[in-house]
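Report on the structure given below.
The values are calculated or read from the model by the stated rules, or taken from the named source; none is laboratory data. This structure is a prediction, so every number in the text was calculated from the model and none was measured. Ideal geometry is used to build each Cβ from the backbone, glycine not excepted, and the neighbour counts take in all protein chains shown. For the accessible areas, the whole protein counts, side chains as well, though only heavy atoms, and no ligand, DNA or RNA atoms are used. Shrake-Rupley method; radii C 1.70, N 1.55, O 1.52, S 1.80 Å.
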Amino acid sequence: MVKVMIRSQLYVPSNNKKMVGKSQSLDTDMIIFDLEDAVPETEKNGAREFILEFIQTNKINKKIAIRINDMDTGYFYHDIIAINSAEKKPDYLVVPKSELGLSHIYRHLGIPLIALIETAEGMNKLDDVISQEGVEMVSWAAGDLSFSAGGNIEGYSSNLYLKTKIIISARAHGIKAMDKVYFDLNNLDGFADECKESRSLGYEGKQVIHPSQVAIANQIFSPSREEIEWAKKIIKEYRASSSSGRGAINVDGQLVDSVHIRMAESILKNSGEKP
Ligand code: COA
Ligand code: MG
């Protein structure tokens, strides 16, 4: 599997040394060390110091991000100053409760941003938020969003309208979208179903919160053997028939034309296989 794909992004509370240590052995494509809501107020400063030191002193063999505190808190400024002073920087910053004003962070630190949409304001101005300089990826979160909208998690966690809106906006702006976390740790079937739906809409991967979710996300967001075989087959048959002037053909009872070929080429590119 080509590692340029980011199929899973695992949140790890930065004050939990055991989980930070364990995250190193997990097969997630990206680790997000959290400084925000998974870290209690009393541990904010210690967690920041610990995780920056951890990044300096350990050779981490996967992409790493830090989720900083949101811009309305004093911790935000401490996070920015500390990350700016650190020699080894994370690959990405996750900005919670992303709204306008993100470009300042990027221009100051030069680190690509993952905008986390989780306020009514951020969702309302989605296109403006994700088109800011430095934003390379977008994700969203049902807990804070439902709180901001005055609803509840059930109303937002499987909200197909918002889920589709985010991926369409992301693609329109040429950035990647990662689907939100799934809170029900004991329902791995439900988690898998949500991953499948996200992938079918165009999401690149899923933000996850527990090791048990990592392998499922990695598998579902990777091209399957059947998809790879299908892609190879239709490309071969399409090439053979296009020389006879046909742009639409019948493969196993299904119409195939050039959009299917573009999809097939994308599957093969993501799987690292040749047509
Ligand atoms: N990263 C790394 N390791 C983790 C982990 C994580 N996010 N979540 C659990 N683990 C480890 C545990 O340390 C434990 O390790 P061990 O078997 O070596 O002892 C193992 O996985 C099993 O953990 P478990 O006992 O099932 O977890 P829990 O019930 O104690 O905790 C959560 C459940 C949800 C509180 C925990 O998974 C967590 O904190 N997740 C991240 C939350 C977060 O960062 N949220 C912010 C974004 S929404
Ligand atoms: Mg949140």
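When you look at SER8, is it in contact with a Gly (Cβ under 6 Å, 6 or more places away or on another chain) and buried (at least 18 other Cβ atoms within 10 Å of the Cβ), yes or no? Yes; evaluated as a whole, the condition is true for this residue. With a requirement of 2 or more residues that are open to solvent by 90 Å² or more (accessible area, probe 1.4 Å), the helices (runs of 4 or more DSSP H) lying completely within the range 204-275 that satisfy it span 225-242, 258-271.
Check the range 69-87 and report whether any residue there is in a strand (DSSP E or B) and not charged (D, E, K, R). Among the residues of the range 69-87, not one is in a strand (DSSP E or B) and not charged (D, E, K, R), which makes the answer no. Taking first residues from the range 22-42 that are among the hydroxyl-bearing types (Ser, Thr, Tyr) and partners that are not in a helix (DSSP H, G or I), the Cβ contacts under 8 Å between residues at least 6 apart in sequence or on separate chains come to SER23/LEU10; SER23/VAL12; SER23/ILE31; THR28/SER8; THR28/GLN9; THR28/LEU10; THR28/LYS62; THR28/VAL208. Collect the residues in the range 21-39 that are crowded, with 21+ Cβ neighbours inside 10 Å and either among the aliphatic types (A, V, I, L, M) or within 14 Å of ligand 2 (Cβ to nearest atom) (or both), keeping them in residue-number order. Passing the criteria: MET30, ILE31, ILE32, ASP34, LEU35, GLU36, VAL39.
Residues that are on the phi < 0 side of the Ramachandran plot and either part of a helix (DSSP H, G or I) or in contact with a His (Cβ under 8 Å, 6 or more places away or on another chain) (or both) do not occur anywhere in the range 25-39.
Is it fair to say SER8 is hydroxyl-bearing (Ser, Thr, Tyr), touching a Leu at 6+ places or on another chain (Cβ under 8 Å) and within 15 Å of ligand 1 (Cβ to nearest atom)? Here the answer is no, as SER8 does not meet what is asked. What do you reckon, is ILE209 outside the structural domain of SER23 (by TED's automatic domain parsing) and touching a Phe, Trp or Tyr at 6+ places or on another chain (Cβ under 6 Å)? No, not satisfied. Annotation note: Cβ proximity below 7 Å between a residue of the range 134-146 that is assigned by TED's automatic domain parsing to the domain that holds GLY122 and a residue that is near ligand 2 (Cβ under 8 Å from one of its atoms) and of a type in the set (Asp, Glu) (sequence gap 6+ or interchain) occurs for TRP140/GLU118; ALA141/GLU118; ASP144/GLU118; LEU145/GLU118. When ILE68, ILE83 are checked against the criterion of being away from ligand 1 (no atom under 15 Å from the Cβ), crowded, with 21+ Cβ neighbours inside 10 Å and of a type outside the set (D, E, K, R), a single residue qualifies: ILE83. Looking at the structure I just gave you, is ILE105 part of a helix (DSSP H, G or I), touching a residue at least 40 places away in the same chain (Cβ under 8 Å) and either more than 16 Å from ligand 1 (Cβ to nearest atom) or outside the structural domain of GLY202 (by TED's automatic domain parsing) (or both)? Considered against the rule, which asks whether it is part of a helix (DSSP H, G or I), touching a residue at least 40 places away in the same chain (Cβ under 8 Å) and either more than 16 Å from ligand 1 (Cβ to nearest atom) or outside the structural domain of GLY202 (by TED's automatic domain parsing) (or both), ILE105 comes out as no.
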